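Readers should treat all values here as calculations from the given coordinates under stated rules, not as data from a laboratory. Predicted, not measured: the structure shown is a model, and the values here were computed from it. Ideal geometry is used to build each Cβ from the backbone, glycine not excepted, and the neighbour counts take in all protein chains shown.
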Amino acid sequence: MTAGYTAAGVSGKIRRKRRNEWLTLKPNTHDGYVSWERFEAIRAMVSSNVPTGRHHGAPKHGDTLLAGLIRCKRCGRKLTVRYTGMKHHIPRYSCSRAWMDNGGPLCIAFGGLRVDDAIEDALLGVVGPGAIAAATAAAKEAEERQDQVRAALSRDLEAARYAADRAFRQYDAADPANRLVASELEARWNGALAHAAEVEGKIAMHDAATPAPIADPASLGVLASNLKTVWDAPTTDARLKKRIVRTLVHEVVADIDDAASEIVLIVHWMGGAHSELRLPKRRRGQRNSTSADIIQAVRQLVLIASDDLIAGILNRNGLKTGHGNRWTRERVTSLRSYHHIPVFKPANDGIKPWLNLGKAAKLLKIAPKTLRLAAEAGEIEAFHPLSDGPWIFARASLITTAAQSIAERARQNPRHPAGSHPNQQSLFSSTT
């Protein structure tokens, strides 16, 4: 290659020109340490590692997934990442255009934890079992097309070999004394051989370019279902996650809808597809708050269960704390204390104001299934905080005239015998 530098002005400084401004470019003029193709690949990789302009930048050690990928919709500049919190581990994306240019307020800024979680969910959805099935179908279709091309090349090779063999027989049958005819037939034979060799080369190139056979779809489905477990593992390097994101995501354009108090993300996927994500803009400290549904369930469960039993019920329903941990007695106690929920206390006189399904059915002298059906139909008032949890009945609602009438009809029905099994006295065995 020729010089890509030029003198600029009388100061004698050297300015590097862009490649499109060079006078000439002659690759492979001299032997290099690496090939021209390898040089271009290294040059593109180094350019993409610079986090400026349209480049993503090389993955750094931080935990944020979108560093170098997320851009402000209002001004077009990339958002910077800052880490806050006591341990400096809470990311925050912000656009500093106005602050840098005019000393004014930030353009947009928002917490990065929820944004990264949304990108993770979208990413895992892209490489989930459904996407694996689609990719498998596409790979099979591509394989069928490859087989059709291979079959056509095989037919061309068969015809070329036949033509070469026919040309050889004609040349072999010619009179050697007739040099003009023999020379022409020999040229035809050589041409037929060259054509056959050309077709063989095309077949070899096709076979080399054919992708490896796809793996078993069942094993790919298992891999996709386990991807979230691998992704969430503490041993998974953040840089590996970023490389995966950069493989699938071209860019994310962010904005804030002030009227709806939402973070708006436009995800530009590799390949040209786009998707929009809208996330409610959290208040400070809201990320790790426990769900309101869980708090309401605990308010109802304390009527019949201790903190230890409540922790077991929450875990059995697959519910987690605001930090994503399993429930323990101590965590339930802390939740109650924070939200001023009273603790469960057994009745001093033995007359419990609240009963589970088994004990309520025993009080009415009917089968638990009959009582559950009546509660589901709304004939008897009851609470059912969780799908895999106990029913809660107020003793006052069981001694009403309506409840006694239902119990009397049930006792008169031979298909619903009265009484209850001893195992139905347990809290966990009476959740249906």
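Numerical summary
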read-out	value
Spatially proximal lysines relative to LYS73 (Cα-Cα < 24 Å; intrachain offsets below 8 disregarded)	LYS60, LYS242, LYS281
Packing-based order for 110-116, 253-259, using average beta carbon neighbours within 10 Å, highest first	110-116, 253-259
Nearby lysines by direct alpha-carbon distance to LYS17 (threshold 20 angstrom, same-chain neighbours under 8 apart not counted)	LYS26
Fewest-first ranking of LYS78, LYS281, using other Cβ atoms within 10 Å as the exposure measure	LYS281, LYS78
Kirkwood Rh (inverse of mean 1/r, distinct Cα pairs), the stretch 309-405, angstrom	15.1 Å
Taking MET86, MET270 and counting other C-beta atoms within 10 Å, the order from fewest to most	MET86, MET270
Theoretical gain in end-to-end length, SER261 to SER291 [0.36 nm per residue, Cα-Cα removed]	8.8 nm
Distance between modelled label sites at ARG299 and LYS228, nm, 7 Å Cα→Cβ extension	2.9 nm
Relative contact order %, the stretch 129-209, counting alpha carbon pairs below 8 Å whose residues are six or more apart	35 percent
Neighbour-count order for SER306, SER387, SER337, fewest beta carbons within 10 angstrom listed first	SER387, SER337, SER306
Spin-label model distance (nm) - THR247 vs TRP22, 7 Å beyond Cα toward Cβ	3.3 nm
Residues listed by number, the stretch 189-205, amide nitrogen under 19 Å from ALA174 label point at 7 Å toward C-beta	189-196
Spatially proximal lysines relative to LYS369 (Cα-Cα < 29 Å; intrachain offsets below 8 disregarded)	LYS345, LYS352, LYS359
Estimated FRET transfer efficiency when R0 is 56 angstrom, pair GLU120-ARG155 (beta carbons, to 0.05)	0.65
